[in-house]
Amino acid sequence: MARWISPVTLAGEHVVLEPLCLEHAQELAEATVDGELWRLWYTAVPAPDGMRDYIDAALKGRERGDMPFAVRHRASGKVIGSTRFFRVDEHNGRLELGHTWYARRCQRSAVNSECKLLLLGHAFDTLNAIAVELRTHWHSHASRTAIARLGAKQDGVLRHHTRSADGVYRDTVVFSVLEQEWPAVRQNLRYRLAGNAP
């Protein structure tokens, strides 16, 4: 039986999402340096010297049905971040979109909107998902704002949801997009990409 999610390349005007592989390690390590992303306490971006382990773990997740991507910026040709489908529940037609990070220079640009347009489009139009979840740390105000700006609805907050390596508990904010909401979310993302919204 074919797997619900298989490696695929998704291409847009600003980005190309490529199946993640070890060959992306050097460029991804360079991307984390832009903004020293591993120093952000409320997210999990690897330090440059931990990138190969990060990719190895993501590729092991592929065996469970996850689909990790490297994000390549078309204009520069550089890999500028990573994202993935994970917590895949084929039986119920649900998956989560996350582990998303970009070099600081690409944040608050067309990159995130187009990545979400490509990923949500694949989830709803190709995989026929019924719901896509997006989660973030309570203290990641920029991520919460960005997810809401996409058109996702907040489902709730999972209090003391997980514990970080240093023992601090994380409250996780859960958002989702449902299949019947996808046409309006797609229209919103296209509108934003056309330069009609901040």
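Numerical summary
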| quantity | calculated |
| --- | --- |
| Among the candidates Val132, Val185, residue that is in contact with a strand residue (DSSP E or B) (Cβ under 6 Å, 6 or more places away or on another chain), in a helix (DSSP H, G or I), under 19 Å from Leu95 (Cα atoms) and in contact (Cβ under 8 Å) with a residue 12 or more places away in the chain | Val185 |
| Residue in segment 112-126 that is part of a loop (DSSP other than H, G, I, E, B), in contact (Cβ under 8 Å) with a residue 60 or more places away in the chain and of a type outside the set (Lys, Arg) present | no |
| Set Val174, Val111, Val157: member being among the aliphatic types (A, V, I, L, M), out of contact with any Lys or Arg (no Cβ under 9 Å at 6 or more places or on another chain) and either more than 23 Å from Ile80 (Cα to Cα) or surrounded by fewer than 16 Cβ atoms within 10 Å (Cβ to Cβ) (or both) | Val157 |
| Restricting segment 78-114 to residues that are closer than 20 Å to Leu28 by Cβ and hydroxyl-bearing (Ser, Thr, Tyr), the residue that is modelled with the lowest pLDDT | Ser109 |
| Filtered residues of segment 53-73 (kept if surrounded by fewer than 15 Cβ atoms within 10 Å (Cβ to Cβ) and of a type in the set (D, E, K, R)) | Asp53, Asp56, Lys60, Glu63, Arg64 |
| Scope segment 21-54; condition out of contact with any strand residue (DSSP E or B) (no Cβ under 6 Å at 6 or more places or on another chain) and among the β-branched types (Val, Ile, Thr); matching residues | Thr32, Val33, Thr43 |
| Every residue from segment 89-130 that is within 15 Å of the chain's Cα centre (by Cα), more than 24 Å from Met51 (Cβ to Cβ) and small (Gly, Ala, Ser) | Ala110, Ser113, Gly121, Ala123 |
| Residue list for segment 58-73, filter: over 14 Å from the mean Cα position of the chain (by Cα) and farther than 15 Å from Ala31 by Cβ | Leu59, Lys60, Gly61, Arg62, Glu63, Arg64, Gly65 |
| Among the residues listed as Trp138, Trp182, the single one being more than 13 Å from the chain's Cα centre (by Cα) and buried (at least 19 other Cβ atoms within 10 Å of the Cβ) | Trp182 |
| Near pairs, Cβ below 9 angstrom, 6+ apart or cross-chain, from segment 29-46 (surrounded by fewer than 15 Cβ atoms within 10 Å (Cβ to Cβ) and of a type in the set (Asp, Glu)) to any residue that is at pLDDT 85 or above and assigned to a helix (DSSP H, G or I) | Glu36/Arg104 |
| Number of the condition not met by Leu158 [criteria: (1) touching a strand residue (DSSP E or B) at 6+ places or on another chain (Cβ under 7 Å); (2) outside any strand (DSSP E or B)] | (2) |
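The values are calculated or read from the model by the stated rules, or taken from the named source; none is laboratory data. All values derive from a computational prediction rather than experimental measurement. Neighbour counts are summed over all protein chains in view; Cβ atoms, including those assigned to glycine, are modelled from backbone coordinates with ideal geometry.
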